[in-house]
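Below is one structure; the comments refer to it alone.
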Amino acid sequence: MTGEKIRSLRRDHKPSKEEEGDLLEPGDEEAAAALGGTFTRCRIGTGGSGKGGKACHKIFSNHHHRLQLKASPASSNPPGAPALPLHNSSVTTASQSPAALAGTNPIAVVTEGGSCPAHYPVHECVFKGDVRRLSSLIRTHNIGQKDNHGNTPLHLAVMLGNKECAHLLLAHNAPVKVKNAQGWSPLAEAISYGDRQMITALLRKLKQQSRESVEEKRPRLLKALKELGDFYLELHWDFQSWVPLLSRILPSDACKIYKQGISIRLDTTLIDFTDMKCQRGDLSFIFNGDAAPSESFVVLDNEQKVYQRIHHEESEMETEEEVDILMSSDIYSATLSTKSISFTRAQTGWLFREDKTERVGNFLADFYLVNGLVLESRKRREHLSEEDILRNKAIMESLSKGGNIMEQNFEPVRRQSLTPPPQNTITWEEYISAENGKAPHLGRELVCKEGKKTFKATIAMSQEFPLGIESLLNVLEVIAPFKHFNKLREFVQMKLPPGFPVKLDIPVFPTITATVTFQEFRYDEFDGSIFTIPDDYKEDPSRFPDL
């Protein structure tokens, strides 16, 4: 089965206005990664690490929050636009997934003449702390809807400290990963507010919803893999940074992917960034679609001859430690904006300029310059003490000079709830009538730093590559626990020029980019034993603690 080959005579490619938008979260990788665990610890070769190392690792992770990309659907209404009633307004929210709840049009009631703002009954009763009315509306209204400021009812409950409303919404599976117009999730707002019980409840619900999302996609993914021919794929990762001294300690990796039936094997020397000084190893990741979900994912350490099954459940102690880290770290949001993105043919030659076409691996490819990508970042720290800020800064400075995060010897301190911010004095009418994008601030007074950086990139598109992008996306979705592969999956979901991206630059973290090159591809058959655990390997459940 080969990907469709399309030849375009256009010199330049630019998405239409319907395709423009911000590449925003959420994606659907495992919830632990969704909380800023970008640089996953993986002590290749030696194994094991202390609680302090893990805590220190997660502080660093929160400073380098993952970049999640998701194209905005062309048909969705912007926040605040007059919305049509739902086709069936009697929706039982318990039967809907968080993904279905988030981003749909609100049930809006506009007074005659249309001059008054849309009325959001669920939002209003949450804003006013009316738990009784909320409990009567919650079964017949979409509790994942956004108001004209992009906030869901759960956002409002958390920002205003209405714990009863928040717990009631969570009990009915209100989406936790969804972001408001400023790019903040309910969990981020809970960290700002500082109520430990609420942060813990949201964290647990987020992980539960992520697991459910993975299981919901499983049948479709297995069907797509079964229809795809068996193949061997080889690609290379080369990581760079514009931060001085950082590039020299960044890893590179050559990955080999084998696909047969509904099984996939990935051979790699790098699961994820760890402490920016990753020890190399010989690792294999195996996905067996025929196995039960809890048995599907296995990582082999081929040097130590041990394996670990990837489970998504965390102990009570791990959850509490993660809450401590969230409460003592910056709240970070990074968005790659594509509102002005365009692709222009790269040129070659000194006197006589012509379009650049070269071979990448075994494939002839047309090169394009990617223009108009802007990285927008926001960092909040109103919930931190001066001691927290100084400690986190010292850790980051050590890492930027090549220090090892495991040497920091940092032990997490059990964080108590913060003193609540002053009680809200803004009325519902003032909030809902405010201009879109200029909502009155709710919750603790913001301490926020914003930044923008233009991202320059090159992409090489080949008409000769036999695999289609959709097929690649299905394979990459299987290996999404490897977060740099998840960045690749999200990036190629953009509207790209014709062909297959055999070489491309992608943003992995705010200060780090990766050049990904597809070196080789062939349809092939393999011995089924390469998708099984060797008999002489022993199970070590703690070999890769963050998987």
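The values are calculated or read from the model by the stated rules, or taken from the named source; none is laboratory data. Fair warning: this is a prediction, and the values are worked out from it, not measured in the lab. Ideal geometry is used to build each Cβ from the backbone, glycine not excepted, and the neighbour counts take in all protein chains shown.
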Open item on the list: I'd like the full set of residues that are of a type in the set (Asp, Glu) and either under 30 Å from Gln463 (Cα atoms) or assigned by TED's automatic domain parsing to the domain that holds Arg196 (or both), limited to the range 359-401.
Closed with: Asp366
Open item on the list: If Glu445 meets every condition in (1) over 24 Å from Asn180 (Cβ atoms); (2) at pLDDT 90 or above; (3) acidic (Asp, Glu) apart from one, which number is that one?
Closed with: (1)
Task: Those residues of the range 149-194 which are within 20 Å of Glu430 (Cβ to Cβ), touching an Asp or Glu at 6+ places or on another chain (Cβ under 9 Å) and at pLDDT below 95, in sequence order - done: Asn180
Task: Exclusive hit being in the same structural domain as Ser529 (by TED's automatic domain parsing), at pLDDT 90 or above, surrounded by 20 or more Cβ atoms within 10 Å (Cβ to Cβ) and closer than 23 Å to Ala457 by Cα, set Leu266, Leu235, Leu300 - done: Leu235
- [ ] Please give the number of the condition Arg133 fails out of (1) surrounded by fewer than 23 Cβ atoms within 10 Å (Cβ to Cβ); (2) in contact with a helix residue (DSSP H, G or I) (Cβ under 6 Å, 6 or more places away or on another chain); (3) over 24 Å from Thr425 (Cβ atoms).
- [x] (3)
Task: Leading residue by the ranking (surrounded by the most Cβ atoms within 10 Å (Cβ to Cβ)) among those in the range 241-263 that are in a loop (DSSP other than H, G, I, E, B) and modelled with pLDDT of 75 or more - done: Ile262
Open item on the list: Please verify whether Gln279 is modelled with pLDDT of 90 or more and in a loop (DSSP other than H, G, I, E, B), treating the condition exactly as stated.
Closed with: no
TODO: Kindly establish whether Ser377 is modelled with pLDDT of 85 or more and polar (S, T, N, Q).
DONE: yes
Task: Test: residue in the range 514-524 that is modelled with pLDDT of 95 or more and either among the hydroxyl-bearing types (Ser, Thr, Tyr) or under 19 Å from Gly372 (Cα atoms) (or both) - done: yes
- [ ] Mind telling me which of the residues Ser417, Ser328 ends up being modelled with pLDDT of 90 or more and buried (at least 18 other Cβ atoms within 10 Å of the Cβ)?
- [x] Ser328
Open item on the list: Tell me yes or no: at least one residue of the range 465-477 is within 16 Å of the chain's Cα centre (by Cα), assigned to a helix (DSSP H, G or I) and touching a residue at least 40 places away in the same chain (Cβ under 8 Å).
Closed with: yes
Task: Test: residue in the range 406-414 that is in a loop (DSSP other than H, G, I, E, B), modelled with pLDDT under 95 and assigned by TED's automatic domain parsing to the domain that holds Met327 - done: no
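Every residue, every condition in (1) assigned to a helix (DSSP H, G or I); (2) out of contact with any strand residue (DSSP E or B) (no Cβ under 8 Å at 6 or more places or on another chain), yes or no:
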| residue | (1), (2) |
| --- | --- |
| His167 | yes, yes |
| Asn173 | no, yes |
| Ala188 | yes, no |
| Leu202 | yes, yes |
| Glu212 | yes, yes |
| Glu215 | yes, yes |
| Leu222 | yes, yes |
| Leu225 | yes, no |
| Glu234 | no, no |
TODO: Identify the residue in the range 146-169 that is surrounded by fewer than 23 Cβ atoms within 10 Å (Cβ to Cβ) and without any contact (Cβ under 8 Å) to a residue 60 or more places away in the chain and, among all such residues, is farthest from the chain's Cα centre (by Cα).
DONE: Glu164
TODO: For the range 350-386, enumerate the residues that are part of a strand (DSSP E or B), hydroxyl-bearing (Ser, Thr, Tyr) and either touching a Gly at 6+ places or on another chain (Cβ under 6 Å) or under 30 Å from Leu418 (Cβ atoms) (or both).
DONE: Ser377
Open item on the list: Given the condition hydroxyl-bearing (Ser, Thr, Tyr), closer than 30 Å to Ile395 by Cβ and touching a residue at least 12 places away in the same chain (Cβ under 8 Å), answer yes or no: does some residue in the range 352-370 qualify?
Closed with: no
